Amino acid sequence: MGVDDLPMDDKAKRMRDLLSSFYSPDPSISPDSDSPSSRPQQITLDDINSTSFDPDHYMNFLVEKSNLEGLLQRHVEMAAEIKNLDTDLQMLVYENYNKFISATDTIKRMKTNIVGMESNMEGLLEKIMSVQSRSDGVNTSLFEKREHIEKLHRTYNLLRKVQFIFDLPVRLGKCIKSEAYADAVRFYIGAMPIFKAYGDSSFQDCKQASEEAMAIIIKNLQGKLFSDSESIQARAEAAVLLKQLDFPVESLKARLLEKLAQSLADLQLKTKELSNASVDSKDSSKEESIPCSEPASAHEASVREFAEALRAYCVIFPDSENQLVKLAQDLVTKHFETTGEYVKERICSAELLHVLRVIWKDVLLMDEVLHEAALPDYSLEAAKVAVKQYVASKFSHLLHDISDALTKVHVRQKDGGKDYSLQVVLETSKKAVLQGSMDVLLDFRQILEDNLELLVNLKDLIIDLVQEGFQDFFRALDDHFLLLSGRNISPSQDQGLTEGTQGDKAFAGLVLVLAQLSVFIEQTAIPRITEEIAASFSGGGVRGYENGPAFVPGEICRIFRSAGEKFLNLYIKMRTQRISLLLKKRFTTPNWIKHKEPREVHMFVDLFLQELGAIGREVKQILPQGLRRHRRNDSNGSTASSRSNPLREEKLTQSNTQRARSQLLETHLAKLFKQKVEIFTKVEYTQESVVSTIVKLSLKSLQEFARLQTFNRSGFQQIQLDIQFLRTPLKETVEDEAAVDFLLDEVIVGASERCLDPIPLEPPILDKLIQAKLAKTRDQIPSAS
C-alpha cells in the first residue's frame, strides 16, 4: 500500500503529532494525554506512538487478535508509515539547516562591516574634545568684554527711554497739529509706566506737560466723536482712542449708538442708480471688462465703513451687542423693503439679481464683524419675501399687458376711429399671453440658474412660486375676462348693452375675442407652458406634498374651456338681444289692424340683414370657417315655402274666411306629420355655427312677436312678403337651411293664426314685389360705392 492511499486527515494528524513530539519540552507528555478518550490501561493501535510503548506486549496482542493475512497487512502499513516518517524527518532537517546557513551568513557580513568602525569613532571623539577645549578658551577670553558690552547696551536703552520722556510733550504737540491722535495716544500709553513710577520726582515737568497735551487731544477726540461731518469710521476710531485713555466712554454709548442709527439713512439702496449701473455694465461687458460702477463702489465703501464702526463699537461697548445686532438687521430689512418697492416696477431679472448681489455683499461684510447677528439666515428669510413680491409683480404686469391688448377695441373707438380689426386684437392678445408667459418663464429661469448664494437655498421655493404663480395667474385671468365681458354688471346695464351704438359693437366683438382667446389658452398656451415648466421648473416641494401639485394644467384647461363656451354664448345672446330689440320695434310700432296693403318690403328687413352682415364680418375675423352640414332636401317636405308647396298656395288663395280657417286646421295637422327638424344644436367655434344660431334665435323671437299681435289681411300679407324676401339671403348666410325654412314657415303660420282674414298674396304679386326690392337694392349698391 502506497503513501497516497492513506486518508488526508490521518496524514495531517500524524504530521501534527510528529511536530508536537519533536518540539515538546516534556517528552513524557503525549499530545493526546488530555483527550478524554485516552485510556492508559487500554491498548489501541495508536499506542505505538506513545513513550510508554511495549513492543512485546503489542506483538502478543496482534498475534492473538489477527490472522496471518492481517499480520501481513499490518506489516505493509507499518513499512509505509516508517517510510513516510523518514521522509518528513528529512524535510524538517533540511529546512532547519537552511535557516542555520542563512543566520551564519548574516553574522559574517556584520563582522565584516564593523571592522573599521571602532577606529573611526575614536578619531571623531578626539576631534570633538579638541573643539570643546578651544571653545572654552574663547569664552574665557571674551567674557569680560561681553559683560561690558551688555551693560553699555542697557544703559543706551535707558537713555533712549529718558530722552523719549523728555521729548514726549514736543511729540504730542506735533501730533495735535497733524491730528495724528492715534500716534499721540500710543506715545502717551508707552510712557505711562515711567510716569507712574517717577512722575512725581524726576519727570514731574514732563508728566505735567504731557497731561496738558493729552487733555487737548481728549477734547478734540470728543468733538470728533459727535461731529456730523466726520465719517462713521473716524468717529469709531475716536471712541477707541478715548477708551484706550481710560476715558469713561460708557456714558457716551447712547449718543454714539443713536448717531450710528441715524447713519442708516445714508446707506439706503439707490435702486435706480444701481439698475442703471447694471445696465451700463451689461452693455460694456460685451466690449471689455471695466471696474465696478461708481454708485456700487460708493455704496460698498459706505457699508464697509459701517461694518468697521460695528467692529469698533463691539470692542468699545461689549455689552451693546444686542443693539448692534438690531442695527445690522434693520439695515438689511431696509434694503429688502427698498427692493420690495423696486420690484413693483417693470424690471427684468438682471436688475433684480444686481440688487440682490449688492445686498448679499453688504450682508457678508457685516457678518465678518458681527457674526452673532446671523445676518445670512436673516437675509434669507427677507429674500423669500422679495422673491415672492417679484414673482407676483411679473404676473401682475403680464395680466396688465393682456388687458391692454384686449381693450384696444375701446381705445380705438374713443379716438374716433370707426374701423377696428378684431383679428389684430386677437393676434395681439394671443402674443401677449403666449410670448409674455415665455418671457416671464425666461426671467424666472435666469434667477433659478444664477449661482448667487442667497438664491441657491431658495431654488425649491422659486420653483413652487412659479408653479403656484401660473395657477393663480390663469385664475385671475379668467376673472378678468369675466370683468371685461360684463358678466358682473347689473341687469339695467345689461339692458343698455342692447342699444345700437358703435361702442356696443366693439364690446360684443371683445366678447367674441375672449371666447376665441380662451380656446387658444386651453389648446395652445397651457400645453406650451406646461412643457416649459416640466423642463426647467420641475421639483420644488417646499409647500408640502400633502397640498398636491402647485400647477394643475388640467384644471386650468377646464376653466378656460368653460369660459370659452360662456363667452361664445354671451356673444350670441348680446347679438340676439340687439336684433330682438329691432324686431320688437317693428311689431309694436304699427297698428296692424289698420295696416295698408303692402307696397314693398319693409325696411326692417334691411336693418335685420345689416345686423347679420355686421355679425358675419365679426365672426370672419375671429372664428374659423366650418362645413355646411345641413342642406335643404326638397323631398322631406318639412320646410316648403308658399311658392314651393302647391297645396298650401291653393289653400291660402281661397277667397273666403271659412276656407282660410280650414287651411289653418290642415296646417296644424300637417305639422304633426312633418319630419322632425333639429333646430337648436350645440354651438361650435365656427362662423357658420354662430351665425346660424343667431339667425335661429332671431327667427324664434320674430315668431313670438308675431303671435303677440292681431293682423288684418294687409298686415298678414306684409309679414308674408317680408318673410318671403328673407328666405334667400338667410339661406346663403346659415349652414342649416332646413331649420331656417321651418322657422320662416312657423312665422307665417303664427301670423296667419293671429290674422282676422288670413288670405295671402298671390304668387305673381309676391314675386313682383320681391323683384322690385331686389332691383332697388342693386341700384343702391353702386351709388353707395
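The values are calculated or read from the model by the stated rules, or taken from the named source; none is laboratory data. Nothing here was measured: the structure is a model prediction, and the numbers come from that model. In this analysis, Cβ positions are derived from the backbone assuming ideal geometry, glycine residues included, and neighbour counts consider all displayed protein chains. Surface areas here come from the heavy atoms of the whole protein model, side chains and all, with no ligands, DNA or RNA. Shrake-Rupley method; radii C 1.70, N 1.55, O 1.52, S 1.80 Å.
Each row is one residue, and each column tells you yes or no for (1) among the polar types (S, T, N, Q); (2) open to solvent by less than 80 Å² (accessible area, probe 1.4 Å).
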| residue | (1), (2) |
| --- | --- |
| M121 | no, no |
| E126 | no, no |
| Q132 | yes, no |
| T140 | yes, no |
| K145 | no, no |
| Y156 | no, no |
| F164 | no, yes |
| L168 | no, yes |
| G173 | no, yes |
- prompt: Applying the selection to the range 184-236, what residues are open to solvent by less than 60 Å² (accessible area, probe 1.4 Å), of a type in the set (D, E, K, R) and modelled with pLDDT of 80 or more?
  reply: K207
message: Whether any residue in the range 77-89 is in a helix (DSSP H, G or I), at pLDDT below 80 and over 60 Å from the mean Cα position of the chain (by Cα) is what I want to check.
response: no
statement: Here the qualifying pairs (Cβ atoms under 9 Å; residues six or more apart or on different chains; first in the range 456-475 and among the small types (G, A, S); second in a loop (DSSP other than H, G, I, E, B)) come out as G469/A550; G469/F551
query: Is one or more of the residues making up the range 127-143 outside any helix (DSSP H, G or I), free of Cβ contacts under 8 Å to residues at least 40 places away in the same chain and β-branched (V, I, T)?
result: no
query: Mind checking whether some residue in the range 346-360 is open to solvent by 30 Å² or more (accessible area, probe 1.4 Å), modelled with pLDDT of 85 or more and within 25 Å of A261 (Cβ to Cβ)?
result: no
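Quick grid of which residues meet (1) open to solvent by 30 Å² or more (accessible area, probe 1.4 Å); (2) modelled with pLDDT under 90:
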{"residue": "T686", "(1), (2)": "no, yes"}
{"residue": "T710", "(1), (2)": "yes, no"}
{"residue": "Q718", "(1), (2)": "no, no"}
{"residue": "F725", "(1), (2)": "no, no"}
field: All positions within the range 728-753 that are open to solvent by less than 10 Å² (accessible area, probe 1.4 Å) and under 19 Å from T777 (Cα atoms)
entry: L730
- request: Kindly indicate the residue of the range 547-598 that is in a helix (DSSP H, G or I), open to solvent by 20 Å² or more (accessible area, probe 1.4 Å) and among the hydroxyl-bearing types (S, T, Y) and also nearest to I526 (Cα to Cα) among those meeting that condition.
  value: S562
- prompt: Taking helices (runs of 4 or more DSSP H) that fall entirely within the range 687-785, which contain at least 3 residues that are without any contact (Cβ under 8 Å) to a residue 40 or more places away in the chain?
  reply: 713-733, 763-784
statement: Exactly one of D246, D200 is among the charged types (D, E, K, R), assigned to a loop (DSSP other than H, G, I, E, B) and in contact with a Lys or Arg (Cβ under 9 Å, 6 or more places away or on another chain), and that residue is D200
query: Given (1) in a helix (DSSP H, G or I); (2) modelled with pLDDT under 90; (3) surrounded by 14 or more Cβ atoms within 10 Å (Cβ to Cβ), where does Q495 come up short, assuming only one miss?
result: (3)
- prompt: Quick one: would you say V542 is modelled with pLDDT of 60 or more, open to solvent by 30 Å² or more (accessible area, probe 1.4 Å) and either among the hydrophobic types (A, V, I, L, M, F, W, C) or closer than 19 Å to I402 by Cβ (or both)?
  reply: yes
- prompt: In this structure, does R146 turn out to be assigned to a helix (DSSP H, G or I), basic (K, R) and within 60 Å of the chain's Cα centre (by Cα)?
  reply: no
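Please enumerate the residues belonging to the range 63-79 that are within 14 Å of I48 (Cβ to Cβ) and either touching a Ser or Thr at 6+ places or on another chain (Cβ under 6 Å) or surrounded by 13 or more Cβ atoms within 10 Å (Cβ to Cβ) (or both).
Of everything in the range 63-79, those that are within 14 Å of I48 (Cβ to Cβ) and either touching a Ser or Thr at 6+ places or on another chain (Cβ under 6 Å) or surrounded by 13 or more Cβ atoms within 10 Å (Cβ to Cβ) (or both) turn out to be R74, E77.
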query: Which one of these is touching a Leu at 6+ places or on another chain (Cβ under 6 Å) and assigned to a helix (DSSP H, G or I): A191, A182?
result: A191
- prompt: Has the range 92-100 got any residue that is under 18 Å from D17 (Cβ atoms), open to solvent by less than 90 Å² (accessible area, probe 1.4 Å), in contact (Cβ under 8 Å) with a residue 12 or more places away in the chain and not charged (D, E, K, R)?
  reply: yes
- request: Quick one: D767 ticks every box in (1) open to solvent by less than 30 Å² (accessible area, probe 1.4 Å); (2) farther than 25 Å from V683 by Cβ except a single one, so which number is it?
  value: (1)
field: Subset of the range 599-610 [open to solvent by less than 30 Å² (accessible area, probe 1.4 Å) and in a helix (DSSP H, G or I)]
entry: F604, V605, F608
- line: Expected output for the range 187-210 (first residue within 15 Å of Q163 (Cα to Cα), partner open to solvent by 80 Å² or more (accessible area, probe 1.4 Å), Cβ below 7 Å, 6+ apart or cross-chain) is F187/R171; I194/K161; C206/F166
